[in-house]
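Each value in this text was obtained by applying a stated rule to the coordinates, not by laboratory testing. These numbers were taken from a predicted model, which means no experiment stands behind them. Don't worry about glycine lacking a Cβ; one is built from the backbone with ideal geometry, like all the others, and counts go over all protein chains shown.
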Amino acid sequence: MSKKILVVEDEKPIAKALQLKLNSSGYEATIAGDGEEALQVLAAGGSFDLVLLDLVMPKLDGFGFLAQARENGLSIPPVIVSSNLSQEEDIQRAKDLGAVSYYVKSNTPLSVIVEKINQYLPNNETG
């Protein structure tokens, strides 16, 4: 069975590219357009093996998503944070809120993102 990944990304072309790459790599990717939508998906019982989370989004940003998920007692899987913010304080803040890894979107090819995901989701069955 494919591992499920929730892609939380407001930039539709990036979200779609990630979804296509992840699906072709044997994962089942679902897109949420912002942190608020992602919380709704999880609260409705959505079950995922990993969350790929953008930090800068409208409505509810990645930091807010991580904080509210914790406050609401939602069970969230490992979270890999993506952003074009590369300041050390942003990276540390995301990790303090529970993120397991961080990458800078503009500097990271899709293949490297998949490799990073593979580190946290070993033995994914490829279709």
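Restricting attention to the range 18-60, which residues are more than 11 Å from the chain's Cα centre (by Cα), surrounded by 14 or more Cβ atoms within 10 Å (Cβ to Cβ) and aliphatic (A, V, I, L, M)? Listed by number, the residues that qualify are LEU22, LEU39, VAL41, LEU42, VAL56, MET57, LEU60. Of all residues in the range 61-74, those that are touching a residue at least 24 places away in the same chain (Cβ under 8 Å), in a loop (DSSP other than H, G, I, E, B) and over 14 Å from the mean Cα position of the chain (by Cα) total 2. Which of the residues that make up the range 1-28 are over 17 Å from PRO58 (Cα atoms) and without any contact (Cβ under 8 Å) to a residue 12 or more places away in the chain? Result: LEU20, ASN23, SER24.
Looking only at the range 1-17, filter to residues that are part of a loop (DSSP other than H, G, I, E, B) and more than 12 Å from the chain's Cα centre (by Cα); which one of those is nearest to GLY64 (Cα to Cα)?
Only one residue tops the list, namely GLU11.
If only residues of the range 78-127 that are among the acidic types (Asp, Glu) and surrounded by fewer than 17 Cβ atoms within 10 Å (Cβ to Cβ) are counted, the one that is nearest to the chain's Cα centre (by Cα) is GLU115. In the set (1) closer than 21 Å to LEU20 by Cβ; (2) touching a residue at least 40 places away in the same chain (Cβ under 8 Å), THR108 fails one condition alone, (2).
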